1. Once you keep just the Cα pairs under 8 angstrom separated by 6 or more residues, what percentage relative contact order results for segment 253-382?
2. Grab the other residues whose beta carbon is less than 13 angstrom from that of Phe158, score K and R as +1, D and E as -1, and report the net.
3. Write out the chymotrypsin sites (Phe, Trp or Tyr not before Pro) in segment 286-358 meeting two conditions: DSSP loop, and at most 15 other Cβ atoms within 10 Å of their Cβ.
4. For Lys349, give me every one of the lysines with a C-alpha distance below 19 angstrom, ignoring sequence neighbours fewer than eight places off in its own chain.
5. Using the heavy atoms of the protein chains alone and a 1.4 angstrom probe, what is the accessible area of segment 57-194 per residue in square angstrom?
6. Can you spot the aspartates and glutamates whose alpha carbon is less than 20 Å from Lys111's alpha carbon? Ignore those fewer than 8 places along the same chain.
7. Taking only Cα atoms and a 10 Å spring cutoff, compute GNM fluctuations for the chain and point out the largest among His247, His186, His261.
8. Give me the net charge of Thr290's neighbourhood, meaning all other residues with Cβ under 12 Å from the Cβ of Thr290; Lys, Arg count +1, Asp, Glu -1.
Amino acid sequence: MGDMSTSAIDKIRADLAALQELDQLDGHAMPGDFYNSEEFLEFEKEHLFRKEWVCLGHVGEVANPGDFYTTDLVGELLLVTRGEDGEIRVLSNVCRHRGNQVETEAKGNRKRFVCGYHAWTYGDDGALKAAPLMKKVRTFDQKKCGLKQFRTEIWEDFLFVNLDGNATPLAPRMEGLSKLMTNYHHEERHLVFMEETVWNTNWKSLMENFLEGYHLSATHLKTLHAITPTKLCQKFEEWGEGYTGYHAVYDPDWPDRGPFHEDLNEFERRNSLLTCAYPSFLLSVATHFTLFLCLRPIDADHVAIRWGVAGFNPEPGNKEAVEYVELCRGFNAEDKEKLETLTKAIKSKYYEPGPLAPDNFEGTIWDFLQYVAKHLSAKAEL
């Protein structure tokens, strides 16, 4: 890494360290380079996305033995499988022979995965099952040539991977959020929709946008304002090492959003949980549906998104699910438009970061920035 790259990273790390010294009441947005720098993004990939828990999707994507899908994360090709033993695994999608991609389909159902280059064949657990004409090769050991398996954890039916294998367990970090979600009974909701897309914005800009309610009425005047206006947002009273979020409280004039679980109390029936799992998983738990977004940075100006919806009715084409997905498409389009203009604007030499709105409206951005600072600032132990 050259002097200019090192200098750019050091400057941003110093900015994050300075933010750590501030009282929240003096909190402010970050400079443009925090989002625009390709060098800093590579730094994030190495020290966040390879070291932390990153969500790859929902267990409903591999509901049955043999189900699989392929994805990627910071340059690593991944193969997500459910084995005949019922276990979900995240495997390297790179052949142990000469490194070609093993599975080239986006999803499907297989008992074996065959590399099309030289027909090395792997089981759904990644074990090498066949390697033509290799038995007489002195250095060949079939038992040592399986696909690499990455450390995984399932939290609330979402699949997380830790590439370097050294992250502390995820569930304890998320315990407080699991308690908030208890009566919504997300575990009884079935995956009814899944889609992949790319937005022309920085991954952190999308994280911040989703996590704050300050923009709801202005940006989503046609879709969300009537349901969850900005003025009713309430930040969580407690947040933890792995998450932050707020209650998007429903307007008193808006009818109940059902069907919802009978365990919901009066307050829970009148709000959605807008929350996250650091660093890059976004989650909206409404009374009737769950919306989620798994973010993977491509470059400083592009983020890959795997997003989906879960609901109580397991039929993917049910009327309520279709209507909710259309609502999501509507407010996603509004967010996308604003984030893509933001991405252009913060490149201005004249942009100066402004103060953050009060805690109920942008306190979650403060929390997210403090998380990034904890892991990446000049004070962080890398």
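1. Numbers: 104 pairs, mean separation 16.7, N = 130.
Here the relative contact order equals 13 percent.
2. Numbers: positive: Arg189, Arg306; negative: Glu61, Glu153, Glu156, Asp157, Glu187.
After counting each charged neighbour, the total is -3.
3. Details: sites: Phe289, Phe292, Trp307, Phe312, Tyr324, Phe331, Tyr350, Tyr351; in loops: Phe312, Tyr350, Tyr351.
Counting only loop positions with at most 15 other Cβ atoms within 10 Å, the chymotrypsin sites (Phe, Trp or Tyr not before Pro) in segment 286-358 are Tyr350, Tyr351.
4. Lys11
5. On the way: 6980 Å² over 138 residues.
Using a 1.4 Å probe on heavy atoms only, each residue of segment 57-194 averages 51 Å².
6. Glu61, Asp67, Glu84, Asp85, Glu87, Glu103, Asp124, Asp125
7. Most flexible of the set in this elastic network: His261.
8. Values: positive: Arg189; negative: Glu156, Asp157, Glu187, Glu188.
Within the 12 Å Cβ shell, the charges total -3.
The values are calculated or read from the model by the stated rules, or taken from the named source; none is laboratory data. All of these numbers come straight from a predicted model, not from anything done at the bench. Note that we place each Cβ from the backbone using ideal geometry, even for glycine, and neighbour counts take in every protein chain shown. Heads up: the accessible areas ignore ligands, DNA and RNA and are worked out on the full protein's heavy atoms, side chains in. Shrake-Rupley method; radii C 1.70, N 1.55, O 1.52, S 1.80 Å.
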